[in-house]
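For reference, the structure discussed in these notes is given below.
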Amino acid sequence: MPGENPFRYGDVVSGTQFTDRREEIAALRADVESGQNVVVIAPRRTGKSSLMRACVEELRDAGVLVAECDLFAAPDKGRLVEQLTTALYRGLLSPFERAGRRSLDFLRRMPVAPVATVDPADGSLSFTMPTTLRRGDVDVTLDRLLRLPAEVAEERGRRVALVLDEFQEVTRIDRDLPRVMRAAFQQQPEVAHVYLGSQRHLLRRLFTERNEPLFRSAKVMELGPIPAADFGPFIAERFAATGRSIAPGAVERLLQITAGQPYDTQELARFLWAISAERAATPEMVDEAFEHAVMAESARCATIWEGLSPYQRLVLLAVAAESGRIYSEEYRHRHRLGPPARVQKAVAALADRDLVEGAARPGFTVPDPFLRAWLSGRVRTPPAPVSSG
């Protein structure tokens, strides 16, 4: 609609609001259709959930049965059993099958009968486990659920995909859970397991370190920024679709600030569209929109700040003010950071939270442009995320 802001952020986007990623979707779909396990690693705000949503829609259109489970909603194994039961019920059975005999067959497979709850809004079912459930029953039921997709794939003669979102939570739920999953999944050639997560260091450790149970059990797919050559035309087209225009220099400025990160780009473009009105958006207006966006993000930035130790704050401020080789003596002296071992420990903690990224060479940066500006105070002229050698 001409009067409706065409940019969207904060949740999963689809349709005309989803940007490109055709190559990534095609690669992920091909892997799933061939039974290849994949771990998609990307920082928060990179659009991995939107990419997965687009891929799931294509897979389902092609006849693949897809079950999606969010581990972030499972604080313990009991809740994981409930989430996984609901995900498998909704993903492996069509709406028609849920109303017939297959629904009963599905429930009979459970060692412990779950309690079904009907959502009054859409009539969908979700499941909880009996309050009298014993710990041993939880383990047996979870193992049964992990093996169920392969049984359904064989019975139905169809490819099955199990998507596990925020998979870095797996060790928080139970440290032994990766080993249990490996034991169940390694004999499931008919099932493609897709692991998504935003804490990149944790996911890399789970799948690439030799002493981890899931070592080399999935192909690693790193999701990065969208190239300016793809994102630029998308931004211009979205402005044009609503009867507005944006100068090429404004597109370039916007993408310089966001470095092509989908969430940040959509957010800044939304603020820019809101202030452009009948005028063509200019580079100066991009900086004005950026100021509004940073103010809108201030509560989130303050929450991040409050969750850091005093020394972690000092290191984060230094990297926000000057990206570069933080371990060098000159850099540490300039920002009063102290010994390199202490800096390294703080950087590791910040990197685990995706607050900094990079390496000793060429250097570290704060990738979030809004947090970077909030920390530095340079809101009107935000620095581009460039590492110095």
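Each value in this text was obtained by applying a stated rule to the coordinates, not by laboratory testing. Since the model is a prediction, treat every value here as computed from it, not as a measurement. All Cβ positions, glycine included, derive from the backbone under ideal geometry; neighbour counts span all protein chains shown.
Tabulated values for the structure
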| quantity | calculated |
| --- | --- |
| Beta bridges per DSSP with both ends in the chain, % antiparallel, nearest 5 | 30 percent |
| Simple spin-label estimate for Arg300 and Ser103 in nanometres, 7 Å along Cα-Cβ | 3.9 nm |
| Theoretical gain in end-to-end length, Arg342 to Thr208 [0.36 nm per residue, Cα-Cα removed] | 45.6 nm |
| When the convex hull of its Cα atoms is projected in every direction, mean area for segment 276-378 (nm²) | 7.4 nm² |
| With Cα atoms, 0 to 90° folded angle of helix 135-156 axis to the chain main axis | 90 degrees |
| Debye, to nearest 20: dipole size of the chain, +1 on Lys, Arg Cβ, -1 on Asp, Glu Cβ | 1000 debye |
| Partner lysines for Lys77 [C-alpha distance under 28 Å; skip if fewer than 8 residues away on the same chain] | Lys48, Lys219 |
| Estimated Rh, segment 183-268: Kirkwood, alpha-carbon pairs, angstrom | 16.1 Å |
| Farthest positive-ward along segment 161-289 dipole, Cα basis, beta-carbon charges - from Ala192, Pro227, Thr258 | Ala192 |
| Estimated distance in nm for a label pair at Glu252 and Asp139, the labels positioned 7 Å out from Cα along Cα-to-Cβ | 6.3 nm |
| Simple spin-label estimate for Glu329 and Glu155 in nanometres, 7 Å along Cα-Cβ | 7.0 nm |
| Whole-number D in µm² s⁻¹ for segment 228-296, Kirkwood Cα-pair radius fed into Stokes-Einstein, 20 °C, 1.002 mPa s | 186 µm²/s |
| Efficiency of FRET between Arg79 and Arg179 - r from beta-carbon atoms, R0 22 angstrom, step 0.05 | 0.65 |
| Residue-averaged [θ]222 nm for the chain, counting only DSSP H segments that reach four residues, each worth -39500 (n - 2.57) | -15500 deg cm²/dmol |
| Enclosed volume per residue, in Å³, of the convex hull spanned by Cα atoms of the chain | 165 Å³ |
| Rounded if a/c under 1.5, otherwise prolate or oblate - segment 51-102, Cα gyration tensor axes | oblate |
| Net length gained if the chain between Glu4 and Arg172 were fully extended (0.36 nm per residue, minus Cα distance) | 56.3 nm |
| Rounded if a/c under 1.5, otherwise prolate or oblate - segment 21-222, Cα gyration tensor axes | oblate |
| For segment 299-376, size of Cβ-based charge dipole, Lys and Arg +1, Asp and Glu -1, in debye | 200 debye |
| Sorted largest first, extent of segment 216-342 alpha carbons per principal axis (Å) | 56, 42, 28 |
| Whether segment 127-167 is rounded, prolate or oblate, judged on the alpha carbon gyration tensor where a/c under 1.5 counts as rounded | prolate |
